[in-house]
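K.L.:
One structure, pasted below without further comment.
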Amino acid sequence: MKSMFSLAGKNAWITGAAYGIGFAIAKAYVEAGARMIVFNVRSEEAVQKALASYHEAGITNVKGYVCDVTDEVAVKALVEKIHEEVGQIDILVNNAGIIKRIPMHEMAREEFQQVIDIDLVAPYIVSAAVLPEMMERREGKIINICSMMSELGRETVSAYAAAKGGLKMLTRNICSEYGEYNIQCNGIGPGYIATPQTAPLRERQPDGSRHPFDSFICAKTPAGRWLNPEELGGPAVFLASHASDAVNGHILYVDGGILAYIGKQP
Ligand code: NAP
Ligand code: GCO
């Protein structure tokens with residue numbers, strides 16, 4: 001049973017994994033025996049800063065590349081470079097993502113489009129670039145980092161919710177179209193995770209009080225707390241390993257129970 005969860009000998013490409021959830025998933029993959037971790041961000045400076053973080057965490061089987069996931073030409077070139085410098089891509093985690101918290105009627109089209117491009121179009125671009133080798137090998141794991149907003153909406157995150165809702169269905173469609181090649185495509189739907197992306201929602205108020213959204217999320221989460229990125233590691237290893245070979249098109253919500261809970265009475 002233990003070997004079913006092993007990633008021994010596997011190469012994993014985690015997009016945007018310079019820090020946050022992607023970085024935590026990379027650490028978990030290394031602990032599960034992964035051969036190499038590949039990540040990409042948008043600048044050489046960010047690559048070098050991330051490599052320093054990986055090395056500080058004791059991870060040396062890692063390579064970082066400059067590549068914007070929305071740039072189809074750059075993504076295809078990076079796939080070839082990974083093949084040359086690392087080897088085959090066994091596991092793809094479409095993690096890179098942004099959010100813009102703006103009331104929809106005030107949001108510029110370009111802002112809406114940027115969120116859609118990074119959070120939905122890019123997972124299509126990257127997956128389409130990696131699928132051919134997985135089809136040829138008749139084996140592969142694709143994991144899309146979805147969200148609570150794949151299921152729920154809230155004020156100011158219209159583009160993000162539209163993208164993450166679309167990513168849920170893209171996950172199901174990749175499952176449907178490529179399952180016959182022994183490729184499993186699943187999603188992880190994190191709850192509210194303490195990363196730079198959500199830092200603005202946890203900042204102390206000028207008077208030193210908690211951010212209202214911080215209190216709100218703790219009331220909506222049965223455990224009464226924000227989750228840590230490291231808590232996504234186990235589910236991510238499961239979906240990347242042979243333990244999940246019969247799981248396909250599934251969105252695994254790692255939300256501490258938010259979706260099951262009406263919320264604590266104020
Ligand atoms: P984060 O801390 O903001 O990190 C996002 C990462 O993606 C960064 O390394 C960022 O690099 C990279 N990135 C952004 N746009 C990119 C692009 N166009 N090309 C390449 N890399 C790009 O976010 P996070 O909280 O770890 O979230 C990671 C994923 O989980 C996202 O898809 C997010 O939507 C999702 N998620 C987060 C939460 C949460 O509560 N934190 C919950 C559910 C889902 P740069 O330095 O270049 O920006
Ligand atoms: C927000 C948060 C959420 C989280 C995550 C929840 O503004 O509501 O940023 O969107 O990032 O997606 O699952």
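Every number here is computed from the coordinates shown, using simple stated rules; none is lab data. Every value quoted in this text rests on a predicted model; they were computed, and no experiment measured them. Glycine also receives a Cβ, built like all others from the backbone with ideal geometry; neighbour counts cover every protein chain displayed.
K.L.:
Answer with yes or no whether residue 17 is small (Gly, Ala, Ser) and either touching a residue at least 60 places away in the same chain (Cβ under 8 Å) or crowded, with 22+ Cβ neighbours inside 10 Å (or both).
P.N.:
Answer is yes for this residue.
K.L.:
Answer with yes or no whether residue 28 is buried (at least 17 other Cβ atoms within 10 Å of the Cβ), farther than 16 Å from residue 118 by Cα and touching a residue at least 40 places away in the same chain (Cβ under 8 Å).
P.N.:
So residue 28 fits the description; yes.
K.L.:
Which residues, taken from segment 117-163, are within 16 Å of ligand 2 (Cβ to nearest atom) and assigned to a loop (DSSP other than H, G, I, E, B)?
P.N.:
Across segment 117-163, the qualifying residues are 146, 147, 151, 152, 153, 154, 155, 156, 157.
K.L.:
Report, ordered by the first and then the second residue, all pairs with beta carbons closer than 6 Å, sequence separation of six or more or different chains, a first member in segment 253-266 that is without any contact (Cβ under 8 Å) to a residue 60 or more places away in the chain, and a second member that is buried (at least 17 other Cβ atoms within 10 Å of the Cβ).
P.N.:
Qualifying pairs under 6 Å: 263/220.
K.L.:
Here's something else I'd like to know. Tell me which of these residue 171 doesn't satisfy, since it passes every other one: (1) part of a helix (DSSP H, G or I); (2) among the polar types (S, T, N, Q); (3) touching a helix residue (DSSP H, G or I) at 6+ places or on another chain (Cβ under 6 Å).
P.N.:
The single condition residue 171 does not satisfy is (3).
K.L.:
Which of the residues belonging to segment 175-220 are part of a loop (DSSP other than H, G, I, E, B) and of a type in the set (Gly, Ala, Ser)?
P.N.:
191, 194, 208, 209
K.L.:
Just to be sure before I move on: is residue 81 in contact (Cβ under 8 Å) with a residue 12 or more places away in the chain and within 19 Å of residue 144 (Cα to Cα) in the structure I sent?
P.N.:
In short, no.
K.L.:
Which ones in segment 162-220 are exposed (fewer than 13 other Cβ atoms within 10 Å of the Cβ) and either within 13 Å of ligand 1 (Cβ to nearest atom) or at positive phi (or both)?
P.N.:
Passing the criteria: 196, 199, 200, 208.
K.L.:
Residues being among the acidic types (Asp, Glu) and in contact (Cβ under 8 Å) with a residue 40 or more places away in the chain: count how many of those fall in segment 31-55.
P.N.:
1
K.L.:
Right, next: In segment 221-230, which residues are under 16 Å from the mean Cα position of the chain (by Cα), away from ligand 1 (no atom under 11 Å from the Cβ) and buried (at least 19 other Cβ atoms within 10 Å of the Cβ)?
P.N.:
None - no residue of segment 221-230 is under 16 Å from the mean Cα position of the chain (by Cα), away from ligand 1 (no atom under 11 Å from the Cβ) and buried (at least 19 other Cβ atoms within 10 Å of the Cβ), so the list stays empty.
K.L.:
Continuing with this model, one more query. Of these, 76, 63, 100, which one is among the basic types (Lys, Arg), within 16 Å of ligand 2 (Cβ to nearest atom) and either surrounded by 22 or more Cβ atoms within 10 Å (Cβ to Cβ) or in contact (Cβ under 8 Å) with a residue 12 or more places away in the chain (or both)?
P.N.:
So the residue among 76, 63, 100 that is among the basic types (Lys, Arg), within 16 Å of ligand 2 (Cβ to nearest atom) and either surrounded by 22 or more Cβ atoms within 10 Å (Cβ to Cβ) or in contact (Cβ under 8 Å) with a residue 12 or more places away in the chain (or both) is 100.
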